[in-house]
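Peer 1: Submitted below is the structure of interest, expressed as structure tokens.
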Amino acid sequence: MEIKNLKTYFPTRGSKIGKKNYLKAVDDVSLTIYKGETLGIVGESGSGKSTLGRTILQLVKPTEGSIIFEDNHLENLSGQTLQSFRNQMQMVFQDPFGSLNPRMKIGNIIEEPIKLQMKLSRAERKNRVKELIQKVGLSEEALNKYPHEFSGGQRQRIGIARALSINPKFIIADEPVSALDVSIQSQVLNLMMDLQEEFNLTYLFISHDLSVVKHISDRVAVMYLGRIVEIATKESLYENPLHPYTKALLSAIPVVNFEEKREEIPISGELPSNTNPPVGCAFHTRCPFAMEKCKNERPLLKVVNHNQQVACFLHDSEHKVTSETSETKKELVES
Amino acid sequence: MDVRVPTMPYDVAFLSASAWGSHDVSHVCDATRRGVFADASLRARSAFLIGGDWMHASQVEKNEETTLQKEVLLEVEDLRIYFELGRQKVAKAVDGVSFTIHKGETVALVGESGSGKSITSLSIMRLVPMPPGKLVSGSVKLNDREILTLPEKKMREVRGNEIGMIFQEPMTSLDPVFTIGNQIMESLLHHQGLKRKEAKNKAIDLLKLVGIANAEKVVDEYPHQLSGGMRQRVMIAIAMSNNPKLLIADEPTTALDVTVQAQILKLMLKMKEEFNSSILLITHDMGVVAETADRVLVMYGGQIVEEAAVKELFLNPKHPYTKALLKTMPSLDQNVDRLPSIPGSVPPAHSFPQGCRFAERCEFAFDQCKQQLPELINVTDAHKARCHLYSGFGGGSIV
């Protein structure tokens, strides 16, 4: 899956004819998601991470840019052809209370997508539903119950079973565990990881919780005001965060550590409004390292090393410095 | 006609909450919160109308300076709050909770949803609607004064004056139809008997103190014009406006982003120092606990299952539930393939097992655990746990 320069803007109220105001929920995002991996997306509320997920599924039409899924441009599709791609992509939602129809039995909830998308006989469908409910760790009796009879964690399992029902290749999980207690959270995360292995799934895992994302992801993208500010493999992002925002996010997480005081990167204030984002680097209003340049120019996502990309001028110059030194080193070696 | 107004508010709030006929505990709580705040604004206006009628009472308790750090501020003993669910079903939301809070101390109350931590905190403020709630037993003493039996009128002098409270949802706990200034001034007018102008100035000062940049402007704005973090700052300003001795913070940062959460927690600790008060912090986030609390109470199934100083609890947890809880936290420092998890889920409050409430999910459980509820006993001097492993039955095999 490849996403190129994706933009999703929502027109805001009070825009005049000929001069529209937009809320830039997703602003020029380019991403590649590889088969079988888990890409984590983190960001504060309002950073556009959920809209990104919805746009990929075409639940929201993108304003610009392209979404390429196995060599097919999804943004041009509609109707029947789009449907046929949708069954390869499924979504697990955040709210386990709001995403299951309270008037349907669990069995019907899981069966519904199968009915719509797969040509199976009634008996085959029933068998498949039974198989699925066991895969997610619930008993068959659950099929005849209604959603209100289950706890949050169990409902999230049902949501996962529904998403898996039509053999998707790609699952977008939008904050699947943030409504759950910690002890239940780990059960659901483990389940998701097991299922990934078993069905060779690709995940786009959206969350605001950096420690959860760290646990499940292979690579992590950090979003701020609709843009990706840093994308890296899990190891390099958490051990060597480069963007000041990533550093601040990591240092803001309360941790259990009595021995050493962590380095603190204080950031003040809150997320600026999406309708009127700061000119230049969107983060410069809160960044402790902001320079004159940051206020005027927008930094682009640049490759810093082979597993890390960052959109920050600080690393522009650093990158040059390090590459220069490595070049001089090379020259030295050669001579 | 106006004179009758101040006598009714709380009862009205409670009546309307219970009149919904909702037997779901959390619904009632939400209703109460909303009810209380709707009532609060009513009170703001009536307080202004009636003038000095209630004012002098607030001067009585204007506090003595704290002398000893270890002085007891709040003492909760054997608190039991049950909810009748009809058909002889009783939810034991809080079932025999005892603890103390010393002056200047930050005590964290941790537990999963449904463990009874919010009801415990609400009952200290006497905000649990009764009925459907029922106080079965218990005493709550603030500075040696029993507050569970105070008449409602006296209790109103305690709320917001001696005990301040911050709620989880900064969106719903402020009244949308009153300005920020009005809502801060309300408790100043009520408890301190200030003039309106003085109160407004004090409100601006308070807003500055909680780190709101253009306080003069914000004071005349409405809640919807502020962000979540700012609203929580306003809530803190309201809670601290009368220098309360105890600040109860019920999940104050759960609805906020991490970067804002860090700011708010820092602010709370700063305010605690400034006003020399104590904090009862209710949370489910162990990271928050480790960074802010002095002492920790772990709740499970309506009871305290472990109590210890913060460092002791994290480095040397005793109760299997605490141990498991600490292990299941996804952490930034460690790399594990699979997170350890606790099987099963919290038993519902209306059908607790006869024995230990954690027994079903506990990896160390033995026969005794299923039959007899363990007592909260001292494992070491300042470390209590409610577990048979330490009560002599299990021979202390995992100590």
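Peer 1: Restricted to segment B:347-360, and to residues that are surrounded by 17 or more Cβ atoms within 10 Å (Cβ to Cβ) and either without any contact (Cβ under 8 Å) to a residue 24 or more places away in the chain or hydroxyl-bearing (Ser, Thr, Tyr) (or both), which residue is nearest to B:Leu85 (Cα to Cα)?
Peer 2: Here the answer is B:Gly355.
Peer 1: I'd like the full set of residues that are within 12 Å of another protein chain (Cβ to nearest Cβ) and in contact with a Phe, Trp or Tyr (Cβ under 8 Å, 6 or more places away or on another chain), limited to segment A:223-237.
Peer 2: Listed by number, the list holds a single entry, A:Tyr224.
Peer 1: Could you look through segment B:92-117, keep only residues that are surrounded by fewer than 22 Cβ atoms within 10 Å (Cβ to Cβ), away from chain A (no Cβ under 14 Å) and of a type in the set (Gly, Ala, Ser), and pick out the one that is nearest to B:Val72 (Cα to Cα)?
Peer 2: My answer is B:Gly104.
Peer 1: List pairs: first in segment A:134-147 and farther than 20 Å from A:Leu191 by Cα, second part of a helix (DSSP H, G or I), Cβ under 9 Å, 6+ apart or cross-chain?
Peer 2: Here the result reads A:Asn144/A:Ile106; A:Asn144/A:Gly107; A:Lys145/A:Ile106; A:Lys145/A:Gly107; A:Tyr146/A:Ile106, each pair linking segment A:134-147 to a residue that is part of a helix (DSSP H, G or I).
Peer 1: Mind telling me which of the residues A:Arg125, A:Arg157 ends up being farther than 28 Å from B:Leu339 by Cβ, in contact with a helix residue (DSSP H, G or I) (Cβ under 8 Å, 6 or more places away or on another chain), among the charged types (D, E, K, R) and not assigned by TED's automatic domain parsing to the domain that holds A:Gly40?
Peer 2: Residue meeting the stated conditions: A:Arg125.
Peer 1: When you go through (1) surrounded by fewer than 23 Cβ atoms within 10 Å (Cβ to Cβ); (2) not assigned by TED's automatic domain parsing to the domain that holds B:Met230; (3) not polar (S, T, N, Q) one by one for B:Glu251, which number turns out not to apply?
Peer 2: Every condition holds for B:Glu251 apart from (2).
Peer 1: Every residue in segment A:114-133 that is closer than 21 Å to A:Leu191 by Cα and touching a residue at least 24 places away in the same chain (Cβ under 8 Å), please.
Peer 2: Across segment A:114-133, the qualifying residues are A:Arg128, A:Val129, A:Leu132, A:Ile133.
Peer 1: Can you find, within segment B:226-235, the residue that is nearest to B:Thr120 (Cα to Cα) among those that are modelled with pLDDT under 85 and not in a loop (DSSP other than H, G, I, E, B)?
Peer 2: The selected residue is B:Gln232.
Peer 1: Another one. Could you list all residues from segment A:142-172 that are modelled with pLDDT of 85 or more, surrounded by fewer than 20 Cβ atoms within 10 Å (Cβ to Cβ) and of a type in the set (Gly, Ala, Ser)?
Peer 2: The answer is none; no residue qualifies.
Peer 1: Oh, and also: Just to be sure I understand, how many residues within segment A:173-194 are among the aliphatic types (A, V, I, L, M), touching a Lys or Arg at 6+ places or on another chain (Cβ under 9 Å), more than 13 Å from A:Arg155 (Cα to Cα) and buried (at least 22 other Cβ atoms within 10 Å of the Cβ)?
Peer 2: 1
Peer 1: Filter segment A:180-200 for residues that are part of a helix (DSSP H, G or I) and among the charged types (D, E, K, R) and give the result.
Peer 2: Within segment A:180-200, A:Asp194, A:Glu197, A:Glu198 qualify.
Peer 1: Of the residues that sit in segment A:201-218 and are more than 12 Å from chain B (Cβ to nearest Cβ) and not acidic (Asp, Glu), which one is surrounded by the fewest Cβ atoms within 10 Å (Cβ to Cβ)?
Peer 2: A:Thr202
Peer 1: Checking the structure you have, find out if any residue of segment B:173-195 is outside the structural domain of B:Phe352 (by TED's automatic domain parsing), free of Cβ contacts under 8 Å to residues at least 12 places away in the same chain and surrounded by fewer than 23 Cβ atoms within 10 Å (Cβ to Cβ).
Peer 2: Yes - at least one qualifying residue is present in segment B:173-195.
Peer 1: Just one of the numbered conditions (1) at pLDDT below 80; (2) touching a Ser or Thr at 6+ places or on another chain (Cβ under 6 Å) is not true of A:Asn76; which one?
Peer 2: Of everything listed in (1) at pLDDT below 80; (2) touching a Ser or Thr at 6+ places or on another chain (Cβ under 6 Å), A:Asn76 misses just condition (2).
Peer 1: Moving to a separate point now. Check off (1) at pLDDT 90 or above; (2) touching a Ser or Thr at 6+ places or on another chain (Cβ under 7 Å) for B:Asn242 and give me the number that stays unchecked.
Peer 2: Checking B:Asn242 against (1) at pLDDT 90 or above; (2) touching a Ser or Thr at 6+ places or on another chain (Cβ under 7 Å), the one that fails is (1).
Peer 1: Looking at segment B:341-349, is at least one residue among the hydroxyl-bearing types (Ser, Thr, Tyr) and either more than 13 Å from every other protein chain (Cβ to nearest Cβ) or within 30 Å of B:Met165 (Cα to Cα) (or both)?
Peer 2: Yes: one or more hits.
Peer 1: Need pairs with beta-carbon distance below 6 Å; first residue surrounded by fewer than 24 Cβ atoms within 10 Å (Cβ to Cβ) and within segment A:47-63, second of a type in the set (A, V, I, L, M, F, W, C) and part of a loop (DSSP other than H, G, I, E, B); sequence gap 6+ or separate chains.
Peer 2: Sorted first by the residue in segment A:47-63, then by its partner, the pairs are A:Arg54/A:Val60.
Peer 1: Moving on to the next point. Just give me the residues in segment B:125-171 being in a loop (DSSP other than H, G, I, E, B), β-branched (Val, Ile, Thr) and over 17 Å from B:Glu75 (Cα atoms), in sequence order.
Peer 2: Across segment B:125-171, the qualifying residue is only B:Val128.
Peer 1: Quick one: A:Leu116 ticks every box in (1) modelled with pLDDT of 85 or more; (2) surrounded by fewer than 21 Cβ atoms within 10 Å (Cβ to Cβ) bar one, so which box is it?
Peer 2: (1)
Peer 1: Do the conditions hold for B:Cys369, that is, is it outside any helix (DSSP H, G or I), away from every other protein chain (no Cβ under 12 Å) and without any contact (Cβ under 8 Å) to a residue 40 or more places away in the chain?
Peer 2: Answer is no for this residue.
Peer 1: Also, quick follow-up: Kindly check whether there is at least one residue in segment B:212-227 that is crowded, with 19+ Cβ neighbours inside 10 Å, away from every other protein chain (no Cβ under 14 Å) and touching a Gly at 6+ places or on another chain (Cβ under 6 Å).
Peer 2: Within segment B:212-227 (the criterion being crowded, with 19+ Cβ neighbours inside 10 Å, away from every other protein chain (no Cβ under 14 Å) and touching a Gly at 6+ places or on another chain (Cβ under 6 Å)), the answer is yes, since at least one residue qualifies.
The values are calculated or read from the model by the stated rules, or taken from the named source; none is laboratory data. Worth saying up front: this structure is predicted, and the values here are computed from it rather than measured. Counting neighbours? That spans all protein chains shown, and the Cβs are built from the backbone with ideal geometry, glycine included.
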